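The values are calculated or read from the model by the stated rules, or taken from the named source; none is laboratory data. All of these numbers come straight from a predicted model, not from anything done at the bench. Here the Cβ positions follow ideal geometry from the backbone for every residue, glycine too, while neighbour counts run over all protein chains shown.
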Amino acid sequence: MPPSLRAADAPSIAPASTPRRLATIVVGLALLALLAVASLFIGSGDIPPAEAWRLLLEGDGSSNAVIVREYRVPRTLLAIVVGIALGLSGAIIQAITRNPLADPGILGVNAGAYTAVVLAAAFLGSSLTGAHVAFSLAGALLASLVVYGIGTTGPAAGTPTKLVLTGTAFGAVLTGISFAVTLTRPEVFDRVRFWAAGSLQNRQFDTLWAVLPFIIAGVALALLLPRALNALALGDDVAVALGSRPALTKLVGVAAVTLLCGAATAAAGPIAFVGLMIPHALRSLVGPDQRWIVPLSLLAAPILMLAADLLGRVAVSSELPAGVVTAFLGAPVLIALTRRKGARGL
């Protein structure tokens, strides 16, 4: 870990018991494996599990083989990768803003990605077959740069409150622009509506390969931060006294969130509540130590994404997008969190 991001002398945070943490890891790995296998066997085509397994290993050029190998496999991998990105970005942004109700979209990343795709579909004729990934990532990056630039200059520069307010305000502006375009251009709405709902349906390997380098880079940055985030939770002044550099920590954290959330949005569209729910669930299981919360987000968030995608496949005959399922699950959780006394801060 670079010295600039390390807070070696930070006081230890009261841990959850080691058996509970180990049990969380074991149960999580088992659930992830089970859901990943189920994702390969459940879906369109009415293919028996034994036949799906054979086609997965061998393939025979049939339409069923195409469904299993070219659609179910990349869809399963994307659910895992997108889950990792959203869970990690949620843990990072909550730690940076010291706000347990923060969501990755709070920096305007989702709104920037969505607006860029809408504008591309409206004025460049993008069919969203692959070009939307580049536009989505560019929009997410631009939104993050604007929010971070405004949030770290002027009075109260760099404070969590200013970053949150700037991100919320700029995100609202971008959302208004995208709504104006889609309401006045119905053909644009038709192009983006399935992507905007947050869906993994019909995603293939080209989408996975397009976003994977950005997610890997975001994961690498995120895994540098846990100790510095523990120090940051004590306040900027205390973090400095402990040898940490809060400004650098926030900059690296924002860069990680931009890469992770931007790539996830590019791949699957805006998916809400995953980044909100996962860090909360982990804090209740393993305690507030970011050295556990950040890496365990790599395990827990894909479980939620796979479960939401599977539930969407079997809930109705026409299939619900994963983003709709996470919204149904997340809204009651958000209401419960806002009613808890402990949800006021980290």
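On the basis of being hydroxyl-bearing (Ser, Thr, Tyr) and without any contact (Cβ under 8 Å) to a residue 60 or more places away in the chain, does Thr265 make the cut?
no
Scan the stretch 239-251 and give yes if some residue there is buried (at least 24 other Cβ atoms within 10 Å of the Cβ), farther than 24 Å from Ala111 by Cα and over 11 Å from the mean Cα position of the chain (by Cα), otherwise no.
Checked the stretch 239-251: at least one residue is buried (at least 24 other Cβ atoms within 10 Å of the Cβ), farther than 24 Å from Ala111 by Cα and over 11 Å from the mean Cα position of the chain (by Cα).
Tell me, please, whether a residue that is closer than 28 Å to Val73 by Cβ, assigned to a helix (DSSP H, G or I), of a type in the set (S, T, N, Q) and at pLDDT 90 or above can be found in the stretch 290-303.
Looking through the stretch 290-303, at least one residue is closer than 28 Å to Val73 by Cβ, assigned to a helix (DSSP H, G or I), of a type in the set (S, T, N, Q) and at pLDDT 90 or above.
Anything in the stretch 27-66 that is of a type in the set (Val, Ile, Thr) and surrounded by 18 or more Cβ atoms within 10 Å (Cβ to Cβ)? List them, or say none. Break it down into steps so the answer makes sense when it comes.
We begin by selecting, within the stretch 27-66, every residue of a type in the set (Val, Ile, Thr); these are 27, 37, 42, 47, 66.
Of everything in the stretch 27-66, just one residue is of a type in the set (Val, Ile, Thr) and surrounded by 18 or more Cβ atoms within 10 Å (Cβ to Cβ), namely Ile47.
Here are Ala222, Ala140, Ala247, Ala228: which of them is in contact (Cβ under 8 Å) with a residue 60 or more places away in the chain, of a type in the set (Gly, Ala, Ser), in contact with a Gly (Cβ under 7 Å, 6 or more places away or on another chain) and under 27 Å from Val81 (Cβ atoms)?
Ala140
Just one of (1) part of a helix (DSSP H, G or I); (2) closer than 28 Å to Phe194 by Cα; (3) modelled with pLDDT under 90; (4) aliphatic (A, V, I, L, M) trips up Ile271, so point out which.
So Ile271 meets the others, but not (1).
Would you mind telling me which numbered condition in (1) modelled with pLDDT of 90 or more; (2) within 13 Å of the chain's Cα centre (by Cα); (3) within 30 Å of Gly43 (Cβ to Cβ) Thr265 fails?
Only one criterion is unmet by Thr265, namely (1).
Among residues belonging to the stretch 146-159 that are buried (at least 21 other Cβ atoms within 10 Å of the Cβ) and touching a residue at least 24 places away in the same chain (Cβ under 8 Å), point out the one that is farthest from Asp236 (Cα to Cα). Quick ask: steps written out before the conclusion?
So in the stretch 146-159, the residues buried (at least 21 other Cβ atoms within 10 Å of the Cβ) come out as 147-148, 151.
Now narrow it down to the ones that are touching a residue at least 24 places away in the same chain (Cβ under 8 Å): 147-148.
On the way: Val147: 20, Tyr148: 17 Å.
So, considering only residues that are buried (at least 21 other Cβ atoms within 10 Å of the Cβ) and touching a residue at least 24 places away in the same chain (Cβ under 8 Å), the one farthest from Asp236 (Cα to Cα) is Val147.
Residue-by-condition table, conditions (1) among the β-branched types (Val, Ile, Thr); (2) at positive phi; (3) crowded, with 21+ Cβ neighbours inside 10 Å; (4) assigned to a helix (DSSP H, G or I):
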position	(1), (2), (3), (4)
Ile177	yes, no, no, yes
Val188	yes, no, yes, yes
Phe194	no, no, no, yes
Asp206	no, no, no, yes
Phe214	no, no, yes, yes
Gly218	no, no, yes, yes
Leu224	no, no, no, no
Asn230	no, no, yes, yes
Leu234	no, no, no, no
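Looking only at the stretch 82-104, count every residue that is surrounded by fewer than 24 Cβ atoms within 10 Å (Cβ to Cβ) and either aliphatic (A, V, I, L, M) or free of Cβ contacts under 8 Å to residues at least 40 places away in the same chain (or both) and tell me the total.
1
Return yes when Leu212 is without any contact (Cβ under 8 Å) to a residue 60 or more places away in the chain, within 22 Å of Gly139 (Cα to Cα) and aliphatic (A, V, I, L, M) and no when it is not. So that I can check it myself, show each step before the final result.
Working: without any contact (Cβ under 8 Å) to a residue 60 or more places away in the chain: no; within 22 Å of Gly139 (Cα to Cα): yes; aliphatic (A, V, I, L, M): yes.
Answer is no for this residue.
Name, by its number, the condition in (1) modelled with pLDDT of 80 or more; (2) under 17 Å from Leu248 (Cα atoms); (3) under 22 Å from the mean Cα position of the chain (by Cα) that does not hold for Pro160.
Among (1) modelled with pLDDT of 80 or more; (2) under 17 Å from Leu248 (Cα atoms); (3) under 22 Å from the mean Cα position of the chain (by Cα), Pro160 violates only (1).
Where in the stretch 57-146 are there helices (runs of 4 or more DSSP H), lying wholly inside it, with at least 3 residues that are in contact with a helix residue (DSSP H, G or I) (Cβ under 7 Å, 6 or more places away or on another chain) and under 30 Å from Arg245 (Cα atoms)? Spell out how you get there, then give the answer.
Working: elements: 63-66, 73-97, 109-123.
Passing ranges, in order: 73-97, 109-123.
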